[in-house]
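*Asks:* Take a look at this one; I'll ask things after.
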Amino acid sequence: MTEKLISESTTVDAPPEVVFAILADPRQHSRIDGSGSVGAVLSAPERLTGTGQTFTVRMKLFGVPYVIPNRVVEFEEGRLIAWRHFTANRWRYELAPTSDGGTTVTETFDASRADGLTDAIVRAAKFPERNRAGILGTLQRLKQAAETDAAVR
């Protein structure tokens, strides 16, 4: 694979706790999904609070629906959350407060742990290109959602 880490960032005019509340609630993932692949959550805690927790989501890829369980593999309250499914690929969000009370959010698709078969599948499905577009869309939607939520607070 040419790109093992695909990462983009944006600045959100909302504090980290507002942004993190959206990311730590799997039921909001379809609200912010910029890839068009995330559907309804089938099972999840009300809020993710640490590593090892799982949530199951309806998804679709190339128009084909499927169900995928995910496991939280990195977690630092208000700063970092990442999950993976049956592959070793991770979806990670890192948050950093800005001096004006906002948040810089970096989303990363991390395929650095992929085995040979997973790597071949990821390349064949053009995930590096698809994930960059999805990340950019997700960050835009996350920005809109967090800024809306912050305004309502």
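*Asks:* For Asp100, are the conditions met, namely being closer than 14 Å to Thr11 by Cβ and either in a loop (DSSP other than H, G, I, E, B) or modelled with pLDDT under 95 (or both)?
*Replies:* yes
*Asks:* Please work out which residue is farthest from the chain's Cα centre (by Cα), limiting yourself to the stretch 9-24 and to residues that are surrounded by fewer than 16 Cβ atoms within 10 Å (Cβ to Cβ) and within 11 Å of Leu139 (Cα to Cα).
*Replies:* Thr11
*Asks:* Return the residues of the stretch 26-36 that are under 15 Å from Asn70 (Cα atoms) and more than 11 Å from the chain's Cα centre (by Cα); say none if nothing qualifies.
*Replies:* Of everything in the stretch 26-36, just one residue is under 15 Å from Asn70 (Cα atoms) and more than 11 Å from the chain's Cα centre (by Cα), namely Arg27.
*Asks:* Can you tell me which residues in the stretch 84-97 are touching a residue at least 24 places away in the same chain (Cβ under 8 Å) and in contact with a Pro (Cβ under 9 Å, 6 or more places away or on another chain)?
*Replies:* Once the filter is applied, which keeps residues that are touching a residue at least 24 places away in the same chain (Cβ under 8 Å) and in contact with a Pro (Cβ under 9 Å, 6 or more places away or on another chain), the stretch 84-97 yields Leu95, Ala96, Pro97.
*Asks:* If Phe86 satisfies all but one of (1) surrounded by 14 or more Cβ atoms within 10 Å (Cβ to Cβ); (2) at pLDDT below 95; (3) more than 14 Å from the chain's Cα centre (by Cα); (4) assigned to a loop (DSSP other than H, G, I, E, B), what's the number of the condition it fails?
*Replies:* (1)
*Asks:* Being exposed (fewer than 15 other Cβ atoms within 10 Å of the Cβ) and among the aromatic types (Phe, Trp, Tyr), is that true of even one residue in the stretch 35-58?
*Replies:* The answer is no; no qualifying residue exists.
*Asks:* If you don't mind, there's one more thing I want to ask. Here are the criteria: (1) buried (at least 16 other Cβ atoms within 10 Å of the Cβ); (2) in a helix (DSSP H, G or I); (3) in contact with a Ser or Thr (Cβ under 9 Å, 6 or more places away or on another chain); (4) modelled with pLDDT of 80 or more. Tell me which single one Ala145 does not satisfy.
*Replies:* (3) is the only condition that Ala145 fails.
*Asks:* I'd like the full set of residues that are of a type in the set (Phe, Trp, Tyr) and either crowded, with 16+ Cβ neighbours inside 10 Å or in a strand (DSSP E or B) (or both), limited to the stretch 59-82.
*Replies:* If the condition is that a residue be of a type in the set (Phe, Trp, Tyr) and either crowded, with 16+ Cβ neighbours inside 10 Å or in a strand (DSSP E or B) (or both), then Tyr66, Phe75 are the ones that fit.
*Asks:* Does Val105 qualify as being modelled with pLDDT under 95 and assigned to a strand (DSSP E or B)?
*Replies:* No, not satisfied.
*Asks:* Restricting to the stretch 8-53, what's the tally of residues that are within 21 Å of Pro97 (Cα to Cα), assigned to a loop (DSSP other than H, G, I, E, B) and among the β-branched types (Val, Ile, Thr)?
*Replies:* 1
The values are calculated or read from the model by the stated rules, or taken from the named source; none is laboratory data. Keep in mind that what you see is a predicted model, and the values were worked out from it rather than measured. Here the Cβ is made from the backbone with ideal geometry for all residues, glycine too, and neighbour counts use every protein chain on show.
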